[in-house]
Amino acid sequence: MMKSDDCLKALARHVTDADIVVPVYTAAFDWILIRPHQLNYLAHGAMGLASSHGLGLALGRPDKRVIVLDGDGSLLMNLGSLVSIAEAAPPNLIHFLCENGTYEANGGHPIPNRRGVDFAGFARSAGYRGVHTFSDLKIFEQQVGAILAEPGPVFVDLKVSPSGPQNRDYSLLHGPAVRAATRAALMAS
Amino acid sequence: MDARATSHDQLSSRGGDLSGSVIIREIKASGIEFVVSLPDITTSEGLLRPLALGASPRLIRVCKEDEGIGICAGLAHCGKRALLLIQQTGMLDSINAIRGVAVEYELPICMMVGLLEKEPGVRPRESKRYGVRIVEPILDAMGIAYHEIEGAADTSKIKPAIDDAYARSRPVALLIGRRPLAS
């Protein structure tokens, strides 16, 4: 089991200024501290839609790499998006999953069948071009750079422990000023 | 919330039957580059099937309608125009996504919504079908502009409605009240 923020720090070392990053809830609150950037796309509503926003961004900006940092509770609410993404097959979409086994942003309750569910299996059978699973930070650190260079859609399941207490001020994710800044940055980039 | 754009035109097949090819022409004239869709029985043959045969706009098939709200939002952020082609059952299933992403985030999410089981020539809110009758009041409650597309003359509403949605960065619903012909 890895610490979520350690994984995100390892990933951040390989993310460029041109990349669009779509982090979800718990990952988002860690990510905006690790790598604040105007191309962090933080406002994707609720109920697990980040992967779908990511697909729209990847289709709309094929010149840019789109990195989704999903949560397992979120993805369970939008599992069909795996199939939709696989069919659309954007080569510029990398879909990370921070699998901590809980709805961490909503009280830390466990996801259904947390010990049995196989997210990488879902992505593989949905038709993602590449699928990876990591539970060892050193191995992830060694491979993340190469994974980001793979043609997408790629799915990366990160087995992480819950992040623990965070300052979950949601205005930092989808307040009007944040949304306007993201939109302007996307149009200008 | 913005003023609604409900059409109060006499509802009929004004100007003749709905033509799928004319609707597609209007969609293209609106600058739509992507149609995101889950099959809807009202528009299945007249719209979705011919759209699937063409290269432009690009058809993105989804498994659930709220995915489409997210996809269209991402595209809107990239300056790309998209149309979500769905059934009203799917729209009702996606109310939270529409509420959060389209309305509260003030994004130009354009929905073309087939009204399953609406009686031809009957206004949606006067339908005997509960699932049809509630559509416009729900859109009213959410402050979402909508237009009834029932006859050939109504197709002229499509481009202005989409242009307006993008100009104001607000969602719009185009309610397809009868099956368009494929021609």
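The values are calculated or read from the model by the stated rules, or taken from the named source; none is laboratory data. Please read these numbers as outputs of a predicted model, since none were measured by experiment. We place every Cβ from the backbone using ideal geometry, glycine too, and count neighbours over all the protein chains shown. What goes into the accessible areas is simple: the full protein's heavy atoms, side chains included, and nothing from ligands, DNA or RNA. Shrake-Rupley method; radii C 1.70, N 1.55, O 1.52, S 1.80 Å.
Results, tabulated for the structure shown:
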quantity	calculated
Sites B:E126 and A:R124, calculated FRET efficiency, Cβ-Cβ separation with R0 30 Å, nearest 0.05	0.05
Mean ellipticity per residue at 222 nm, deg cm²/dmol - from DSSP H runs of n ≥ 4 across chain A, formula -39500 (n - 2.57)	-12000 deg cm²/dmol
Distance between the range B:36-84 and the range B:113-132 - C-alpha centres, whole angstrom	22 Å
By average C-beta atoms within 10 angstrom, highest first, the peptides B:121-131, B:138-148	B:138-148, B:121-131
Nitroxide proxy distance, nm - points 7 Å out along Cα→Cβ at A:S189 and A:K138	3.4 nm
Residues B:L53 and A:A149, FRET efficiency given R0 of 41 Å [Cβ-Cβ distance, rounded to 0.05]	0.70
Solvent-accessible ranking of B:L115, A:L172, largest area first, probe 1.4 Å	A:L172, B:L115
Tail beyond 24 Å, pair distance distribution of the range A:47-189 (Cα, percent)	35 percent
Two-site FRET efficiency, A:S161 against A:D63, from Cβ-Cβ distance with R₀ of 41 Å, rounded to 0.05	0.70
Solvent-accessible ranking of B:T155, A:T133, largest area first, probe 1.4 Å	A:T133, B:T155
Cβ-based net charge around B:G46, under 10 Å, with every Lys or Arg adding one and every Asp or Glu removing one	+1
Shielding by other protein chains, A:81-92, mean Cβ within 10 Å	3
MRE, 222 nm, helices only [DSSP H, n ≥ 4, -39500 (n - 2.57), over chain B, to nearest 500]	-8500 deg cm²/dmol
For chain B: rounded, prolate or oblate by the Cα gyration tensor [a/c cutoff 1.5]	rounded
Over the range A:115-189: Rg over Rh, Cα atoms, Kirkwood Rh	1.08
Extension gain (nm, one decimal) between B:L116 and B:L92, 0.36 nm per residue minus Cα-Cα	7.4 nm
Filtered trypsin sites (Lys or Arg not before Pro), the range A:149-189: DSSP coil and at most 16 other beta carbons within 10 Å	A:R168
Per principal axis, descending, Cα span of the protein assembly as shown in whole Å	68, 42, 38
Peptide-level mean, for B:75-83, of C-beta atoms on other protein chains within 10 Å	6
Accessible carbon and sulfur surface of the range A:1-150 relative to its total accessible area, %, 1.4 Å	52 percent
Net charge contributed by nearby residues that have their C-beta within less than 12 Å of A:P90 (K/R +1, D/E -1)	+3
Sparse-neighbourhood loop sites, trypsin sites (Lys or Arg not before Pro) in the range A:115-146 - DSSP loop, at most 11 other Cβ within 10 angstrom	A:R115
Charge sum, other residues only, whose C-beta stays under 11 Å from B:K80's C-beta, Lys/Arg counted +1 and Asp/Glu -1	+2
Spin-label model distance (nm) - B:D163 vs B:S44, 7 Å beyond Cα toward Cβ	3.5 nm
